[in-house]
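Student: I have a structure here, written as structure tokens, and I will follow up with some questions on it.
Just so it is clear, none of the values below were taken in a lab; they were calculated from the coordinates. Model, not experiment: these values are computed from the prediction. Positions of Cβ are generated from backbone atoms using ideal geometry, with glycine treated the same way; all protein chains shown enter the neighbour counts.
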Amino acid sequence: MTSTLERPPAPAGTAQVTLGIYEKALRWTGDWDELFADVRRAGFSFVDLSVDESPMRRARLDWTPQQRQQVREAAARNGVQLGGLCLSVHRAVGPGSSDPRVRAEADRIYAQGIELCRDLGIPVLQVAGYYAYYEDADPGQRARYVDALRRAIPLAAQAGVLLGIENVDGNDVTSISRGMNIVREIDSPWLQMYPDIGNIAEQQLDEIEELRAGAGHMLAIHIKDVRVGEPRRVPMGEGIADFPKAFAELARQSWSGRMMIEMWNDDVPESVQRCIEARQIVEGWLRDAGIVIVPPAS
């Protein structure tokens, strides 16, 4: 069989994407082989894992070397790449917090997240654009958030892990433009953007303007549908995100990379079928935009 890397290259300047899925889009049974097999059954090349506010997923930061090896081996057995790690636990432990104890914990989470990526062979750590989500806003939050990133970047560089800021819901890094201000301010090759097209729409911003703001700095891209005030659990194609418009802009940029469909079906028995249906919708938009879809390796 022919692997992805052995296929003839597309003409120069052609946008190409590899499609992946968020782990929460698939029902979690506690068995990594089952999860990765579902990723393959749904037709995806890679999966992004999550370290979020829940005790179960946050505990992954403390996995033993043996547990990390077991996850890596299960992914390899099923022919699934580990594409990214979403470090959304920082929503609860704000890097921009006014409390120095919280900031110290946020720093520790950065260090542990980078180490976990290194040990799992994950190339990208997604950095949530929340300064201190559960605290009242204050003038110093952004500066403290940026300082935390500055402290994390040497660790990421030493581990060979790229940091990608996600534009989020709420009031902090709510756009690619705001994220790029931080990227330029810090000015490190280890810090770029991991944009969320759905969050652009939820903030009622222009997809073309925002994607142009991130040109040349987008490590990977999130795909999810939304409604205003409803940034999660909107079925693909039923929200307000203008994906044909966004994909046309990505084609114009000749953007190539990993595109991850973000969904929440983790408590749904038919989660694989829902993921297949979402993938097929996204593939139709991509083809219409002239973007080549790289199939999963055999």
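Student: Starting with the fewest neighbours, write out Val292, Val93 ranked by other beta-carbon atoms found within 10 Å of each beta-carbon. Intermediate values should be presented prior to the final figure.
Tutor: Numbers: Val292 15, Val93 22.
Ranking Val292, Val93 by Cβ neighbours within 10 Å, fewest first, gives Val292, Val93.
Student: While we're on this one: Under 14 Å from the Cβ of Glu34, count the other residues' Cβ atoms, weight Lys and Arg +1, Asp and Glu -1, and hand me the total. List each step's numbers first, then the result.
Tutor: On the way: positive: Arg27, Arg40, Arg41, Arg77; negative: Glu23, Asp31, Asp33, Asp38, Asp266.
Local charge sum for Glu34: -1.
Student: Are there any GluC sites (Glu not before Pro) in segment 209-270 that are in a DSSP loop and have at most 14 other Cβ atoms within 10 Å? List them by number. Intermediate results must be reported in sequence, preceding the final value.
Tutor: Working: sites: Glu209, Glu210, Glu238, Glu249, Glu262, Glu270; in loops: Glu238, Glu262, Glu270.
Passing sites in segment 209-270 are Glu238, Glu270.
Student: Work out how much length Glu238 to Gln273 would gain on full extension: take 0.36 nm times their residue separation and subtract the Cα-Cα distance, in nm to one decimal.
Tutor: Numbers: separation 35, 0.36 × 35 = 12.60 nm, distance 1.68 nm.
Length gained between Glu238 and Gln273: 10.9 nm.
Student: While we're looking at this one, here's another question. In a shell of Cβ-Cβ distance under 12 Å around Tyr194, excluding Tyr194 itself, what net charge do Lys and Arg (+1) and Asp and Glu (-1) give?
Tutor: Values: positive: Arg258; negative: Asp48, Glu166, Asp196, Glu262.
In short, -3.
Student: How would you rank His90, His217, going from fewest to most other Cβ atoms within 10 Å of each one's own Cβ?
Tutor: Values: His90 27, His217 17.
Listed from fewest to most nearby Cβ atoms, that is His217, His90.
Student: All other residues with a Cβ under 13 Å from the Cβ of Pro231 taken together, and with Lys, Arg as +1 and Asp, Glu as -1, what is their net charge?
Tutor: Numbers: positive: Arg91, Lys224, Arg227, Arg232, Arg233; negative: Glu166, Asp169, Asp196, Glu202, Asp225, Glu230, Glu262.
Summing Lys and Arg as +1 and Asp and Glu as -1 gives -2.
Student: Give the order of Leu125, Leu286 when sorted by the count of other beta carbons within 10 angstrom, beginning with the fewest.
Tutor: Working: Leu125 26, Leu286 23.
Result, fewest neighbours first: Leu286, Leu125.
Student: Which three extents, in whole angstrom, do the alpha-carbon atoms of the chain cover along their principal axes, largest first?
Tutor: 53, 45, 36
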